[in-house]
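A.B. asks: Here it is, the structure in full.
The values are calculated or read from the model by the stated rules, or taken from the named source; none is laboratory data. All values reported here derive from a predicted model rather than from experimental measurement. Cβ atoms come from the backbone with ideal geometry, glycine included; neighbour counts cover every protein chain shown. Keep in mind that these areas ignore ligands, DNA and RNA; they rest on the heavy atoms of the full protein, side chains included. Shrake-Rupley method; radii C 1.70, N 1.55, O 1.52, S 1.80 Å.
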Amino acid sequence: MRLLHTADWHLGHHLHGHDRSYEQGCFLDWLTDLILERSIDGLLIAGDIFDTANPAAASWQLFYRFLARLRERVPHLNVIAIGGNHDSPSKLDAPHELLKAFELHLIGAISRDTRGALELERLIVPLKDRAGAIQAWCAAVPYLRSADLRLEDGPADGRNSDVGSPDANSAESHPEEDRLIAGVRAIYRQVIAAIEARRSPEQPIVALGHAYLSRGELSLLSERKVLGGNQHALPLDIFQGADYVALGHLHLAQALTPGSGTPLVHYSGSPIPLSLAESHYNHQVLELEVGPTGVALTQRHPVPRVVPMLRLPPEPLPLAEVEAHLQAQPWTPCPPEQRPFLEVRVKLEKPEPRLRERILAALADQPVRLARITTHYAGQGEAMADRLARQQLDELTPEQVFALCHQRVYATPPAAELQSAFAELLNEYQESSS
């Protein structure tokens, strides 16, 4: 049985105001062809299907057309998609029952019954081969928000609704662990324990997740640490009992080296670069083989780049030289949706009020899309706050803006406790807005 692991599609994403639907449509067409070519039996999408909690109708149409095409051309295909921190849980869950009837499992959030017990059936998905025989099981746990977790010591009546077995009580087995991390651990343990109770020994477990794990390498300007305000990185052993962990959230594809008793853990990465800083990443989907010895990563499929990302000139130059460099480029005519994204790099002695106007004039009528102008100042001895102040706002994270404002007002960076409090507020806002 063959599976594909992908994540972080961010349908509807715009790069500095430029639409990306052409690239996303090309990726979904390529993915459909790959599934047919490689005789794939299951598609795993580990969160952040959409770029925002309120995607445009065109993004929904793109996604649903893709699912319909898969159902028509590969009717036996298992499709399991979980929500990420960018997705709206309620919007993803709305068509769950309809899609489930077609073996399309779209899981936006966990749910609980009136007693507060985790509803496990939505999170446990059998992976079936072409003959309908179960070959593996999937623990399809979506991105977990703080409100999804049970952080109290236990319900008032003494029941522990998040414990599938005595061993699953995180507080007992990890007494010093942060309560948010313990809450995530309890959910995964309960789901995996429920799978253990119904699977046969030769059927491996694949765990889906959308999270930031310790030792994971963040990419620039594209993701934030999630879960309880930027301070939490989940340990790898949270997925103990799984044979393979298919993760989303980090756009940089990477494998996290398992320790003793921990499963194979992989971030597939995003299929297209979601910022100019990601242009050099290895964008891919991962092919897995389910066999008698478990789950193995057998192949990495690079995603074709249909729209280039350029940084010109290669090193920052004075504005007059940059203008000449751009005008001398041998631009290749192409349709508007295929035009390269361009970052222009300029060295300045002082602020230039007409900078953008002059760059646009140098690019007039050329088949290229100006995404960003990056300025580098020649002065020496300036403080970090001064350098940050010269960056464009979209180059800074909210945490950097907060630190910059604090530095400006108080002449010192914010204390660790204040940074943590800001991160908690930011996380609450971002969760409430999704």
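A.B. asks: Among the listed residues Leu227, Leu247, Leu220, identify the single one that is farther than 17 Å from His266 by Cα, buried (at least 23 other Cβ atoms within 10 Å of the Cβ) and either of a type outside the set (D, E, K, R) or modelled with pLDDT under 90 (or both).
C.D. replies: Going through Leu227, Leu247, Leu220 in turn, just one is farther than 17 Å from His266 by Cα, buried (at least 23 other Cβ atoms within 10 Å of the Cβ) and either of a type outside the set (D, E, K, R) or modelled with pLDDT under 90 (or both): Leu227.
A.B. asks: If you don't mind, there's one more thing I want to ask. Against the definition (in contact (Cβ under 8 Å) with a residue 60 or more places away in the chain, in contact with a strand residue (DSSP E or B) (Cβ under 9 Å, 6 or more places away or on another chain) and either open to solvent by less than 60 Å² (accessible area, probe 1.4 Å) or more than 23 Å from Val141 (Cα to Cα) (or both)), how does Leu70 come out, yes or no?
C.D. replies: Details: in contact (Cβ under 8 Å) with a residue 60 or more places away in the chain: no; in contact with a strand residue (DSSP E or B) (Cβ under 9 Å, 6 or more places away or on another chain): yes; either open to solvent by less than 60 Å² (accessible area, probe 1.4 Å) or more than 23 Å from Val141 (Cα to Cα) (or both): yes.
No: the conditions fail for Leu70.
A.B. asks: Filtering segment 73-101 down to residues that are of a type outside the set (Ser, Thr, Tyr), open to solvent by 60 Å² or more (accessible area, probe 1.4 Å) and part of a helix (DSSP H, G or I), which residue is nearest to Ser21 (Cα to Cα)?
C.D. replies: Lys91
A.B. asks: Just one of Glu357, Glu321, Glu337 is open to solvent by 50 Å² or more (accessible area, probe 1.4 Å), closer than 30 Å to Pro271 by Cβ, of a type outside the set (Val, Ile, Thr) and not in a loop (DSSP other than H, G, I, E, B); which is it?
C.D. replies: Glu337
A.B. asks: How many of the residues in segment 104-144 are on the phi < 0 side of the Ramachandran plot, assigned to a loop (DSSP other than H, G, I, E, B) and among the small types (Gly, Ala, Ser)? Quick ask: steps written out before the conclusion?
C.D. replies: Just the residues of segment 104-144 that are on the phi < 0 side of the Ramachandran plot, to begin with: 104-115, 117-131, 133-144.
Narrowing further to those that are assigned to a loop (DSSP other than H, G, I, E, B): 108-111, 113-115, 117, 119-120, 129-131, 133, 141-144.
Checking which are among the small types (Gly, Ala, Ser) leaves us with 108-109, 111, 117, 131, 133.
Residues in segment 104-144 being on the phi < 0 side of the Ramachandran plot, assigned to a loop (DSSP other than H, G, I, E, B) and among the small types (Gly, Ala, Ser): 6 in total.
A.B. asks: Ok, one more. Do you know which of the residues in segment 387-415 that are among the aliphatic types (A, V, I, L, M) and modelled with pLDDT of 75 or more is surrounded by the fewest Cβ atoms within 10 Å (Cβ to Cβ)?
C.D. replies: In this case the residue turns out to be Ala415.
A.B. asks: Moving on to the next point. Here are some residues: Leu44, Leu34, Leu28. Which one is outside any helix (DSSP H, G or I) and within 25 Å of Arg305 (Cβ to Cβ)?
C.D. replies: Sole residue among the options that is outside any helix (DSSP H, G or I) and within 25 Å of Arg305 (Cβ to Cβ): Leu44.
A.B. asks: Another one. Quick test for you: out of His76, His105, pick the one residue that is under 25 Å from the mean Cα position of the chain (by Cα) and at pLDDT 90 or above.
C.D. replies: Sole residue among the options that is under 25 Å from the mean Cα position of the chain (by Cα) and at pLDDT 90 or above: His105.
A.B. asks: Yes or no: Pro142 more than 20 Å from Gln203 (Cβ to Cβ), buried (at least 16 other Cβ atoms within 10 Å of the Cβ) and not hydroxyl-bearing (Ser, Thr, Tyr)? Talk me through it step by step, then tell me what you get.
C.D. replies: Working: more than 20 Å from Gln203 (Cβ to Cβ): yes; buried (at least 16 other Cβ atoms within 10 Å of the Cβ): yes; not hydroxyl-bearing (Ser, Thr, Tyr): yes.
It is true that Pro142 is more than 20 Å from Gln203 (Cβ to Cβ), buried (at least 16 other Cβ atoms within 10 Å of the Cβ) and not hydroxyl-bearing (Ser, Thr, Tyr).
A.B. asks: Report every pair of residues separated by at least 6 positions or lying on different chains whose Cβ atoms are under 6 Å apart, first residue within segment 361-373 and among the β-branched types (Val, Ile, Thr), second outside any loop (DSSP other than H, G, I, E, B).
C.D. replies: Final answer for the pair search is Val368/Leu342; Ile373/Val344; Ile373/Ile359.
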